[in-house]
Amino acid sequence: MKNWKTQATGDQAVITGGIVSLHPVFADQSNGTVAASQAWSEAGGKFSTKTTSGLSIIVASGELSDGRLRLSVIVTNSGDEPIPLHEMALFRLVIPGSLDRVLLNGREMNSRSDLCIAGKVALQSSCVAGYTNSTGTRAVVVGWEDPSGNFTWVNTEPAKDGSFVAHAMCDREGILLKPGEALEFPPILVHEGEDLWELMRTYALTSARACGAKPSSDIMTGWCSWYSYYGTESVGDILANVKALRDKGFGGDVKTIQIDDGWNLEKPGAPRVWGDWEAGAKFPQGMKWIADQIRSEGFLPGLWLAPFSVDPASNFFKDHPDLLVKGDDGNPRDFWGVYALDLTNPRALDFVRSTFERVFNEWGFAYIKIDFLLHAIQPGRRYDQSVTTAQALRNGLKAIREVAGDRFILGCGCPMGPALGIVDAMRIGPDVSHRWYIPMNLGEWPVGNCSVYSGAVHTVWRHWMHGTWWQNDPDCILVHDQSTEGEKHEFQKIDNGAFATEPSYGLTNEEAGFWVRLIWMSGSMGMVGENPDYLNESRLALLRKAFPIHGKSVRWMGGFEDPRVARLVMVEDGKPTMIGLFNLTDSTQSPTVNSLDGMEMSARLVEWLTGEEVMMTPSAPQFPDLPPRSGRIWKIN
């Protein structure tokens, strides 16, 4: 290798040559059963060793043309007994303490995805982790080339000498490695450079290629019934919103009408019946009829389902308990009051295919949102115990794609890695609401949930996925200064009503403008979550500004002193044309910009939404103050 060097001495193996050092370890961190190893040997860039439990390990390292280090691990059971593999630490990395901004990617939409200032606590990042300094001038990215078949992550902990220690982890879930059997883990990529954004996009493109992802540049837009009705919508409500969208000027920009949860209820107020995917009492003419009506108005008909989830009140639960994930007692296992399809069972996959044959080919829907997909990975007994839960979930998603063909699939509540290369778009953040911030379950969700603030954090720091892994869905565009009765009723059920009345409902002008600006600037999916008839003229005008989607290249702008003051820049023909500034804090901020490639420091700036004009000069390279919870997009003229 040109830049990286390998060396083995006794029980230590190391790869050096950059600002990080790497050590092969191969340790089962869940129980330590295969942690002990004999001496490492090295030859031709390959390490090898044996564990006391009878595993033979070969670690191969190679340098890609762009200088990235690519590491692969093959383990063979050389013993006479099967050996279970669990949470395997394959490599230990030492990261300089100066790279104290850690980019985290959560496993699913609610899991923490943020740029964190590293401190004294351990941090976990799914699939990939990024490290940079406060000025954004040095960075390292560590990621798994193919995160689709195993749950992989990077653990980062502070070391006593001020550096950080990271472990690249792969969960084999206790699956037995039989005598004579060999297992190749997905390769790990290590990339050093100056710009965190460029390193993350390079990783995203490589992993997308490995998993066959080719997201369309034609960004999906639409209207979603959830935030207006919270599952109470009827056929009349859907048609009324179709008319309102058409009458109020959204017809040319909004592509799909998505009917959300609640359409399959036997009657209003009846127990939920996920698993029975047939039209309920609120859609008496059937789902084909409403799909035809939506299409006749010039929109794509869209439908929500939770295809891998089964409710105890459903007929499916009564008729097919054998197709569900089971507990140790052999009975279907309850996960938060819901049961999970066993996607390793061929008959369960047949059920999935038949459901979507009906949705796509009988009813005529052209867009689906599939939700609560994480139910498919819950622990338990399955038909085939040799398959990881990540592989099981991917098999279920593949079954849907086989039927869907080129029709649009939006994933939601979904572990990210197994969906890569299958879904067209992915919800990348928590649910929103007509509230800026809700301190909900901060132990599990450090930025809260069900709020614009929590959605915004994920939208900014998962932007590297957009256009590479899939189209990002930041959740719906909400602008109302009031709440709906459905929303208030929903919050009475969440956390035993802890947030039913406080904080107050409704978005201020700055908060609503922030959310519209961020979604538009990011170029993400634009899904309207409002009933247009409920909005006053000023909020309706604000909602219209979210369209059309621009489709341009947008990236993070360097400087990570405060991750809650986010900077995005739009680049066209190699030059910056817009700068988006987003203040997620509760205090006024005074953002500055350093020299930006292609930007003249003397420029007239025009704010995208308000038309406000300012002059920026070398002696005054500062933007106007950003009020709390606000955003501004400055067009560079």
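The values are calculated or read from the model by the stated rules, or taken from the named source; none is laboratory data. None of these values were measured; they are calculated from a predicted model. Every residue, glycine among them, receives a Cβ derived from its backbone with ideal geometry; neighbour counts consider all protein chains shown. Heads up: the accessible areas ignore ligands, DNA and RNA and are worked out on the full protein's heavy atoms, side chains in. Shrake-Rupley method; radii C 1.70, N 1.55, O 1.52, S 1.80 Å.
For residue 17, are the conditions met, namely being at pLDDT 85 or above and closer than 29 Å to residue 131 by Cβ? Walk me through how you get there before you give the answer.
Numbers: at pLDDT 85 or above: yes; closer than 29 Å to residue 131 by Cβ: yes.
Against the criterion (at pLDDT 85 or above and closer than 29 Å to residue 131 by Cβ), residue 17 qualifies.
Quickly run through the range 331-341 and pick out the residues that are outside any strand (DSSP E or B) and of a type in the set (Phe, Trp, Tyr).
Residue satisfying the conditions is 336 alone.
Tell me the helices (runs of 4 or more DSSP H) entirely within the range 219-300 that contain at least 3 residues that are surrounded by fewer than 20 Cβ atoms within 10 Å (Cβ to Cβ) and of a type in the set (A, V, I, L, M, F, W, C). Before you say what the answer is, go through the steps one by one.
Values: elements: 226-229, 235-247, 287-296.
Ranges flagged: 235-247.
Would you mind stating whether residue 70 is touching a residue at least 24 places away in the same chain (Cβ under 8 Å), open to solvent by 10 Å² or more (accessible area, probe 1.4 Å) and within 20 Å of residue 199 (Cβ to Cβ)?
Yes.
Can you pull out every residue in the range 126-156 that is part of a strand (DSSP E or B), under 22 Å from residue 85 (Cβ atoms) and of a type outside the set (A, V, I, L, M)?
Result: 126, 143, 144, 151, 152, 153, 155.
How do the pairs read when you match residues in the range 168-182 that are in contact (Cβ under 8 Å) with a residue 24 or more places away in the chain and surrounded by fewer than 15 Cβ atoms within 10 Å (Cβ to Cβ) with residues anywhere that are among the hydroxyl-bearing types (Ser, Thr, Tyr) and part of a strand (DSSP E or B), using Cβ under 7 Å and keeping only pairs 6 or more apart or on different chains?
182/76
For the structure I just gave you, tell me whether residue 153 is open to solvent by less than 20 Å² (accessible area, probe 1.4 Å) and over 19 Å from residue 460 (Cβ atoms). Even if it seems obvious, please write down each step before you answer.
Details: open to solvent by less than 20 Å² (accessible area, probe 1.4 Å): no; over 19 Å from residue 460 (Cβ atoms): yes.
It is false that residue 153 is open to solvent by less than 20 Å² (accessible area, probe 1.4 Å) and over 19 Å from residue 460 (Cβ atoms).
Which residues, counting only those in the range 515-550, are of a type in the set (A, V, I, L, M, F, W, C) and either part of a helix (DSSP H, G or I) or more than 27 Å from the chain's Cα centre (by Cα) (or both)?
So in the range 515-550, the residues of a type in the set (A, V, I, L, M, F, W, C) come out as 515-516, 518-521, 525, 527-528, 535, 540-543, 546-547, 549.
Correct list: 515, 516, 518, 519, 520, 521, 535, 540, 541, 542, 543.
Considering only the range 366-376, state which residues are in contact with a Lys or Arg (Cβ under 9 Å, 6 or more places away or on another chain) and among the hydrophobic types (A, V, I, L, M, F, W, C).
Result: 366, 368, 374.
Tally time: how many residues in the range 73-119 are farther than 22 Å from residue 415 by Cβ, assigned to a loop (DSSP other than H, G, I, E, B) and open to solvent by 50 Å² or more (accessible area, probe 1.4 Å)?
5
Please specify each residue of the range 301-330 satisfying the condition of being surrounded by 14 or more Cβ atoms within 10 Å (Cβ to Cβ) and assigned to a loop (DSSP other than H, G, I, E, B).
306, 307, 308, 311, 312, 313, 314, 320, 325
Could you run through the range 490-514 and say how many residues are of a type in the set (A, V, I, L, M, F, W, C) and assigned to a helix (DSSP H, G or I)?
Total satisfying the criteria: 4.
Evaluate the following for residue 165: is it more than 23 Å from the chain's Cα centre (by Cα) and β-branched (Val, Ile, Thr)?
Considered against the rule, which asks whether it is more than 23 Å from the chain's Cα centre (by Cα) and β-branched (Val, Ile, Thr), residue 165 comes out as yes.
Results for (1) closer than 30 Å to residue 213 by Cα; (2) in contact (Cβ under 8 Å) with a residue 60 or more places away in the chain; (3) crowded, with 18+ Cβ neighbours inside 10 Å; (4) out of contact with any Gly (no Cβ under 9 Å at 6 or more places or on another chain), shown as yes or no for each residue.
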| residue | (1), (2), (3), (4) |
| --- | --- |
| 460 | yes, yes, yes, yes |
| 465 | yes, yes, yes, yes |
| 469 | yes, yes, yes, no |
| 474 | yes, no, yes, no |
| 478 | yes, yes, yes, no |
| 489 | no, yes, no, yes |
| 493 | no, no, no, yes |
| 499 | no, yes, yes, yes |
| 504 | no, yes, no, yes |
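If I go through the range 184-204 residue by residue, how many of them are touching a Lys or Arg at 6+ places or on another chain (Cβ under 8 Å), under 22 Å from residue 389 (Cβ atoms) and in a strand (DSSP E or B)?
Qualifying residue count, the range 184-204: 1.
Anything in the range 68-86 that is touching a Lys or Arg at 6+ places or on another chain (Cβ under 9 Å) and aliphatic (A, V, I, L, M)? List them, or say none.
Selection gives 83, 85.
Where the second residue is of a type in the set (D, E, K, R) and part of a strand (DSSP E or B) and the first is closer than 30 Å to residue 251 by Cβ and lies in the range 540-565, which pairs have Cβ atoms under 9 Å and are six or more apart or on separate chains?
552/572; 553/572
Has the range 185-204 got any residue that is among the hydrophobic types (A, V, I, L, M, F, W, C), surrounded by fewer than 16 Cβ atoms within 10 Å (Cβ to Cβ) and either closer than 30 Å to residue 557 by Cα or in contact (Cβ under 8 Å) with a residue 12 or more places away in the chain (or both)?
First, the residues of the range 185-204 that are among the hydrophobic types (A, V, I, L, M, F, W, C): 185, 188-190, 196-197, 199-200, 204.
Next, only the ones that are surrounded by fewer than 16 Cβ atoms within 10 Å (Cβ to Cβ) stay: none.
Looking through the range 185-204, none of the residues is among the hydrophobic types (A, V, I, L, M, F, W, C), surrounded by fewer than 16 Cβ atoms within 10 Å (Cβ to Cβ) and either closer than 30 Å to residue 557 by Cα or in contact (Cβ under 8 Å) with a residue 12 or more places away in the chain (or both).
Restricting attention to the range 331-344, which residues are under 27 Å from the mean Cα position of the chain (by Cα) and either at pLDDT 95 or above or open to solvent by 40 Å² or more (accessible area, probe 1.4 Å) (or both)?
333, 334, 336, 338, 339, 340, 341, 342, 343, 344
Look at the range 594-637 and say how many of its residues are outside any strand (DSSP E or B) and at pLDDT 80 or above.
Going residue by residue through the range 594-637, those that are outside any strand (DSSP E or B) are 594-602, 608-612, 618-619, 621, 623-625, 627-629, 637.
Next, from what is left, pick out any that are at pLDDT 80 or above: 608-612, 623-625, 627-629, 637.
Of the residues in that region, 12 qualify.
Checking the structure you have, find out if any residue of the range 380-392 is surrounded by fewer than 22 Cβ atoms within 10 Å (Cβ to Cβ) and on the phi > 0 side of the Ramachandran plot.
yes
Only residues that are out of contact with any helix residue (DSSP H, G or I) (no Cβ under 6 Å at 6 or more places or on another chain) and open to solvent by 40 Å² or more (accessible area, probe 1.4 Å): list them for the range 552-566, please.
Answer for the range 552-566, where residues must be out of contact with any helix residue (DSSP H, G or I) (no Cβ under 6 Å at 6 or more places or on another chain) and open to solvent by 40 Å² or more (accessible area, probe 1.4 Å): 552, 553, 558, 561, 562, 564.
Taking the condition of being among the aromatic types (Phe, Trp, Tyr) and touching a residue at least 40 places away in the same chain (Cβ under 8 Å), how many residues in the range 340-361 meet it?
Here the count works out to 2.
So for the range 531-551 (the condition being small (Gly, Ala, Ser) and open to solvent by less than 10 Å² (accessible area, probe 1.4 Å)), does at least one residue qualify?
The answer is yes, given that some residue of the range 531-551 is small (Gly, Ala, Ser) and open to solvent by less than 10 Å² (accessible area, probe 1.4 Å).
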